[in-house]
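Participant: Please read through the structure below; I'll follow up with questions.
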Amino acid sequence: MSKRRKILLLFLGTLLLLGIVLFLALWLRDSDSEETDQKERKVLSAQTEDAYRAVPSDAVLILDFEQLEHLSPLLKDTSVFSYGLIDSTSALAGFQDVLFGMGEGNCHSLFSLHYSAVNEVSLLQIADLYATEDIAEMQQYLETHASSSRNYNSHKIYSLPSGLKVAQNNDLVLASSSAICVESSLRHLDAGNSILDNQEFYSVLKGTGGEECLYINHKQIGKLFSGSVTYSFLKYSDFVMRLATWSALDINPRQRNFISFEGTLTDHSDFINFAAVLGGQKAYASTAQDILPASTMFAVCLDIHSLKSFVKDYEKYLDANKKYSSYMANLDRIPLPDAPAPMEWLASEGFTEAVSAFCLIGGKYEWVTLLYRNSTSLFGKITGIKGKGETMAPEEFIYKGYVAGLLGEVFSHNPETHFCKISDWTIIGSANAVGEFFKGKANAVNLDKYLSHTPVSSFFSEKGVAKALVNIKEGSDTLLTVLNKYYRGRIASSLRKKNFEYATVNIFPSGGQTKANLSFYAARLGTPPQMFDAEDEEVVFIDSTFKTFWGPFPLVDPDRGDTTWFEQSKKYLSISYMDKNKKGIWGIPMKDTIKNYAGLIKLDDGKSYITFILGDKLYRMNRRGAHYTGYPKQLDVEVALGPELIREDGEDRMFIITGENIITKRNVNGERVEGWTDIHAPEFTREMPEVAILFGKRYYILRTVSKLRIYTPGGEELTAKNVKRPISRESTVTEDKDGFVKVMGLDGKEFLFNLKTGRIKKL
């Protein structure tokens, strides 16, 4: 196996696990929530325990939904991180529409993952209908919609046309694409045993109070690996299995394109889990972002400010797992004649941080090891290391294997032929890599600069003991070779929707426990960041995400001019119609997110109708809340924003921005307007075109994230050939004479632009 293909599952194999978990866990809730990270823990209720009694004891992980409606916005919303990752056509995803159709959005629901067949994992859903009165309705649905049914241990299991298997047990509805999972749940309920009999899990569950969490059973992780990765990577499940016993991770939604998981890695056995090693250290901020290149695909950072303490605890971990003898035998083989032992060498150098990174350097991918010593620390003062360290030209490196021998396999892929010193950093690697670092070419743009305008920017400054970072987008070819065909397809689909995607892990001690923060960030940036910049200019990031506006939207009556109001609930997704004083008249539950616009359209029957888009469907309702015949109507595009209502040539029209950054014009029925050419703006845009009347004619002015572009009423761009003097997005457009308009360039200087010929003229 090539070294490049091994980067994601070494040392912190958790990243791969969470790539798969993300496929499941991002159903969890609306990621635009404003809930705080610190939640008040609840007392575990008897009703919650009843739901968990249906979870078979071999669960690999469990997703706890306090309210099922939290997953709804994530299935089709193009602005969320998970879009393209979740298979919205799967049988289990389709079953959620059935539950929502019955008004079960508030029901408590669990999703547990199980090894259901050879190299196959399946989800089991447990929906608790205790708080509703729809148990009989569910029974009727199954009886009338099932393609077949069969008896199992005095229970009936229904097979739906989608292939989903569903059973009821009192208040609980059990659903899975695997009959084995449903049968296992029924057996556990009949026998009175479940995952609650696992005392380690039960103590974790009581600790969270049944809060919405992602629970990971590390002892069962091997099953998840066997169902999701290719054969050559199965061996790396061993580390993840030994990382902890259970992990309980709260979901902390930050914004639409950034979501994180934070919680506790439980260590119930002294040093049998690697979490005990990390939890025994002190947390510090990293400085690796200053030295690592922007082209870093993968990096693991150990902040080992007490190397002696770290190695001592690491040896306890190895001894508990019966690996200490082979570890010591390997160390004994490494030292060179007349050279210090590995531990003595590292300690004498005073290293406080060790980094293993896989980067694109000098046109090829290279492994490098970077060791940092804090010359201003107490250690530096005691040992005489002062100032900002020394700079040393590349030399041959003689201590090959020392770092990997002490700190693990993730440091073993480096050829370690040469090293150099730059300030407080020692860089070890091939002659090419070390030379590029010394000349300043490898990190002309460093990670600090590359990530400075993204939510990932604070990652290295957060205190921790162990950190890992993966550039998922740029390293996707490696990631995809790790996964089996199904998951490879899902992630490839997701990656096509974004041009910037990162995953980070930070493990740190807190309050006597080992904590972990797992974060994922993805976006479609208007101007993708550049890893290499010969002129070393400032890298400017443009956020290409859409911020959802929930209202209230003014509804102006086209005849009387009166204004009423319309909005969607950010928390519950219900839509509401209000009078002129914003007093509610009616509300209707929905399960999709509004696309930032709503208005009134007057039709041929003389009546005005509220028009808006939820998901990718066009809605038309009267002011009493009734749907217009034939609506909602499925549109033929993926909608990002719209519809903005405009009036032209005596008819109502709608502008819509699609998920592919295309601006399309439609008639009131959502059909394409004849004679209109869709606008494919080269830069990202989050604004609708403005109507401008210039020299008595109508034009459309589009302000993208970086430029202003002018279009004809048919969608033809007039500024397309104006490459020498682009117009600033902040510019005004005012008439001058002879077909020229006055505009402002990106440099802040005004000039004239001819709407007929495209010529420019200085003022």
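Participant: Name the residues in the range 703-760 that are of a type in the set (S, T, Y) and free of Cβ contacts under 8 Å to residues at least 40 places away in the same chain, would you?
Facilitator: Y711, T712, T719, S728, S731, T732, T734, T757
Participant: Turning to a different aspect of this structure: Go through the range 604-618 and count every residue that is modelled with pLDDT of 90 or more and either in a loop (DSSP other than H, G, I, E, B) or not hydroxyl-bearing (S, T, Y) (or both).
Facilitator: 7
Participant: When the range 639-650 is examined, which residues are found to be touching a residue at least 12 places away in the same chain (Cβ under 8 Å) and surrounded by fewer than 16 Cβ atoms within 10 Å (Cβ to Cβ)?
Facilitator: E648
Participant: If you check S82 against the conditions, is it part of a strand (DSSP E or B), buried (at least 18 other Cβ atoms within 10 Å of the Cβ), at pLDDT below 85 and of a type in the set (G, A, S)?
Facilitator: No, not satisfied.
Participant: Separate question: Going through the range 628-638 one residue at a time, which ones are assigned to a strand (DSSP E or B) and within 23 Å of K602 (Cβ to Cβ)?
Facilitator: K633
Participant: Restricting the range 158-170 to residues that are farther than 17 Å from P56 by Cα and in contact with a strand residue (DSSP E or B) (Cβ under 8 Å, 6 or more places away or on another chain), which is surrounded by the most Cβ atoms within 10 Å (Cβ to Cβ)?
Facilitator: Looking at the filtered set, the residue picked out is L164.
Participant: Now for a different question. Taking the range 441-491 as the region of interest, how many residues are at pLDDT below 65 and of a type in the set (S, T, Y)?
Facilitator: Selection size over the range 441-491: 5.
Participant: Among the candidates F695, F684, single out the residue that is aromatic (F, W, Y) and under 35 Å from the mean Cα position of the chain (by Cα).
Facilitator: Testing whether each residue is aromatic (F, W, Y) and under 35 Å from the mean Cα position of the chain (by Cα) leaves just F684.
Conditions (1) modelled with pLDDT under 80; (2) farther than 24 Å from V98 by Cβ; (3) over 24 Å from the mean Cα position of the chain (by Cα), marked per residue:
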residue	(1), (2), (3)
N151	no, no, yes
D197	no, yes, yes
V240	yes, yes, no
L243	yes, yes, no
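Participant: Could you go through the range 716-729 and let me know if any residue there is loosely packed, with under 14 Cβ neighbours inside 10 Å and among the small types (G, A, S).
Facilitator: yes
Participant: Restricting attention to the range 340-360, and to residues there that are of a type in the set (A, V, I, L, M) and in contact with a Phe, Trp or Tyr (Cβ under 8 Å, 6 or more places away or on another chain), which single residue is surrounded by the fewest Cβ atoms within 10 Å (Cβ to Cβ)?
Facilitator: L346
Participant: Next question, about the same structure. In the range 499-529, how many residues are under 13 Å from the mean Cα position of the chain (by Cα), modelled with pLDDT of 80 or more and among the aromatic types (F, W, Y)?
Facilitator: Residues in the range 499-529 being under 13 Å from the mean Cα position of the chain (by Cα), modelled with pLDDT of 80 or more and among the aromatic types (F, W, Y): 1 in total.
Participant: Condition first: among the aromatic types (F, W, Y), assigned to a strand (DSSP E or B) and touching a residue at least 24 places away in the same chain (Cβ under 8 Å). Now tell me which residues in the range 669-702 satisfy that.
Facilitator: Y699
Participant: From the list K381, K316, exactly one residue is modelled with pLDDT under 85, charged (D, E, K, R) and assigned to a helix (DSSP H, G or I). Which is it?
Facilitator: Matching residue, one of K381, K316: K381.
Participant: Restricting attention to the range 651-681, which residues are more than 25 Å from the chain's Cα centre (by Cα), polar (S, T, N, Q) and surrounded by 18 or more Cβ atoms within 10 Å (Cβ to Cβ)?
Facilitator: Answer for the range 651-681, where residues must be more than 25 Å from the chain's Cα centre (by Cα), polar (S, T, N, Q) and surrounded by 18 or more Cβ atoms within 10 Å (Cβ to Cβ): just T664.
The values are calculated or read from the model by the stated rules, or taken from the named source; none is laboratory data. Computed from a predicted structure; not experimentally measured. Note that each Cβ is placed from the backbone with ideal geometry, even for glycine, and that neighbours are counted across all protein chains shown.
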